[in-house]
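Chemist: I have a structure here, written as structure tokens, and I will follow up with some questions on it.
The values are calculated or read from the model by the stated rules, or taken from the named source; none is laboratory data. Please read these numbers as outputs of a predicted model, since none were measured by experiment. In this analysis, Cβ positions are derived from the backbone assuming ideal geometry, glycine residues included, and neighbour counts consider all displayed protein chains. Protein only, heavy atoms only, side chains kept; ligands, DNA and RNA dropped before computing areas. Shrake-Rupley method; radii C 1.70, N 1.55, O 1.52, S 1.80 Å.
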Amino acid sequence: MLVLGIESSCDECAAALVADGTRLLAQKVSTQIPIHSPYGGVVPELASRDHVRRIVPVVEQTFEQAGAELSECGGIAVTAGPGLIGSLLVGVMAAKALAWSLQKPLVGVNHLQAHLRSIFLERDFSYPHLGLVVSGGHTSLFRVEGPDRLKPVGRTLDDAAGEAFDKVAKLLRLSYPGGVSIERLAEKGNPHAFRFPRPMPGKRLDFSFSGLKTAVAVRVKKEGLPAGDALCDFAASFQEAVVDTLVKKTILAARKEKLSRILVAGGVAANSRLRTRMQEQAGAEGCQVAFPPVPLCTDNAAMVAALGHCLLTTGKNDGIMLDADAGLSWDAN
Ligand code: KG4
Ligand code: ZN
């Protein structure tokens, strides 16, 4: 079955066509990075207004790219939450209108569950496994029993890891999204040059990144903005503190849940230092570690279509159900 996925929960307006839940035929991602860059973060009102402009062309271009007719689509999946409410509403309303006009089934999907499904566009990955969703809005650990069966085991108590990357990048006057610019500088830096705190050490599975962000801010205030080699060292040391924390807590969670498979997804999963260190350290513990392909780590609609396919074909929706509603926050279980 050919499923159209639509994603508009934050600052990417995206559509994708996926066959049988695993074969990506076409996708279009319209990024709003140039719109939000001057502010160093996403401005919700600007995001939703741009989604309104982009949603129809993005869907049209996806069908064009696939060489497919609208009538060939067997169902529609749309991100219904969590996310920015104005942005979510645009995607959900577009999906409802399309489902109604085509008389095709519609399913609203959870954005976090969709991130954790993105791996299936590249390869199979058995359940149960430990899932870490690490992005601009979330840093959450789940025991993943199935595509939509998640038990939360840990989460951030304040900032998400991606948010910490973005805020620290803004402080260092680097471009948005912060994770990308920090990673680029960090490649040339020494990760042990500066000692930043490892937040929430110990046995708890929750994260906290606001203290780390404050430690960075205090240092910059005291010593001024680093430049040249020192800026690379600074970026590498900050990145190392985040990566250290993510790797340690994830391994701890896998041990506690007695799981030997780990899946890391979300925008920060694109980070090469995180990918390397998680593979090395969790691998040394006997865990099998998987990351989605880098282009599918950040927000996209392929993951939405992939999850939508599972739900549509397992009877979660069997008809024109227009009850997909945008939700500000939605527990992923
Ligand atoms: O999954 P995503 O596209 O959107 C949310 O669901 O939040 O994640 C975006 C986040 C941003 O905070 C961005 O700075 C971060 O992912 N990010 C990265 C990298 N690429 C994107 N963080 C670290 N390293 C990267 N290479
Ligand atoms: Zn996301």
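Chemist: Is there a residue being among the basic types (Lys, Arg), surrounded by fewer than 22 Cβ atoms within 10 Å (Cβ to Cβ) and farther than 23 Å from Arg143 by Cβ anywhere in the stretch 235-257?
Modeler: Checked the stretch 235-257: no residue is among the basic types (Lys, Arg), surrounded by fewer than 22 Cβ atoms within 10 Å (Cβ to Cβ) and farther than 23 Å from Arg143 by Cβ.
Chemist: Also: Within the stretch 212-229, which residues are touching a residue at least 12 places away in the same chain (Cβ under 8 Å) and open to solvent by 40 Å² or more (accessible area, probe 1.4 Å)?
Modeler: Once the filter is applied, which keeps residues that are touching a residue at least 12 places away in the same chain (Cβ under 8 Å) and open to solvent by 40 Å² or more (accessible area, probe 1.4 Å), the stretch 212-229 yields Lys213, Arg219, Leu225, Asp229.
Chemist: Kindly provide the set of residues from the stretch 124-144 that are within 14 Å of ligand 2 (Cβ to nearest atom) and of a type in the set (S, T, N, Q), ordered by number.
Modeler: Scanning the stretch 124-144 gives Ser135, Thr139, Ser140.
Chemist: Got at least one residue in the stretch 199-213 being at pLDDT 95 or above and in contact with a Phe, Trp or Tyr (Cβ under 7 Å, 6 or more places away or on another chain)?
Modeler: Within the stretch 199-213 (the criterion being at pLDDT 95 or above and in contact with a Phe, Trp or Tyr (Cβ under 7 Å, 6 or more places away or on another chain)), the answer is no, since none of the residues qualifies.
Chemist: Among the residues of the stretch 1-44, write down those that are among the β-branched types (Val, Ile, Thr) and within 17 Å of the chain's Cα centre (by Cα).
Modeler: Within the stretch 1-44, Ile6, Val29, Thr31, Ile33, Val42 qualify.
Chemist: Tell me which residues, restricted to the stretch 64-84, are in contact with a strand residue (DSSP E or B) (Cβ under 7 Å, 6 or more places away or on another chain) and over 30 Å from Val43 (Cβ atoms).
Modeler: Scanning the stretch 64-84 gives Ala66, Ala68, Glu72, Cys73, Gly74, Gly75.
Chemist: So, one more: Which of the numbered conditions does Ser329 fail, given that it passes all the others? Conditions: (1) of a type outside the set (A, V, I, L, M, F, W, C); (2) at pLDDT 95 or above; (3) in a loop (DSSP other than H, G, I, E, B).
Modeler: (2)
Chemist: Is at least one residue of the stretch 151-171 farther than 21 Å from Val247 by Cβ, among the aliphatic types (A, V, I, L, M) and within 13 Å of ligand 2 (Cβ to nearest atom)?
Modeler: No, the stretch 151-171 contains no residue that is farther than 21 Å from Val247 by Cβ, among the aliphatic types (A, V, I, L, M) and within 13 Å of ligand 2 (Cβ to nearest atom).
Chemist: For Ile35, all conditions in the list (1) surrounded by fewer than 21 Cβ atoms within 10 Å (Cβ to Cβ); (2) in contact with a Cys (Cβ under 8 Å, 6 or more places away or on another chain) hold save one; what is the number of the exception?
Modeler: (2)
Chemist: Continuing with the same structure: Just for the stretch 264-307: of the residues that are assigned to a loop (DSSP other than H, G, I, E, B) and more than 14 Å from ligand 1 (Cβ to nearest atom), which one is most open to solvent (accessible area, probe 1.4 Å)?
Modeler: Out of the qualifying residues, it is Glu285.
Chemist: So, one more: Could you run through the stretch 139-158 and say how many residues are surrounded by fewer than 23 Cβ atoms within 10 Å (Cβ to Cβ) and either within 10 Å of ligand 1 (Cβ to nearest atom) or of a type in the set (Gly, Ala, Ser) (or both)?
Modeler: Adding up the residues that qualify gives 2.
Chemist: Tell me, yes or no, whether the stretch 254-263 has at least one residue that is within 16 Å of ligand 2 (Cβ to nearest atom) and touching a residue at least 12 places away in the same chain (Cβ under 8 Å).
Modeler: Yes, that holds for at least one residue.
Chemist: Let me ask something else. Output the residues belonging to the stretch 164-215 that are polar (S, T, N, Q) and assigned to a loop (DSSP other than H, G, I, E, B).
Modeler: Selection gives Ser175, Asn190, Ser208.
Chemist: Same structure, new question: Is at least one residue of the stretch 119-131 under 21 Å from Phe238 (Cα atoms), touching a residue at least 40 places away in the same chain (Cβ under 8 Å) and buried (at least 23 other Cβ atoms within 10 Å of the Cβ)?
Modeler: No, the stretch 119-131 has no match at all.
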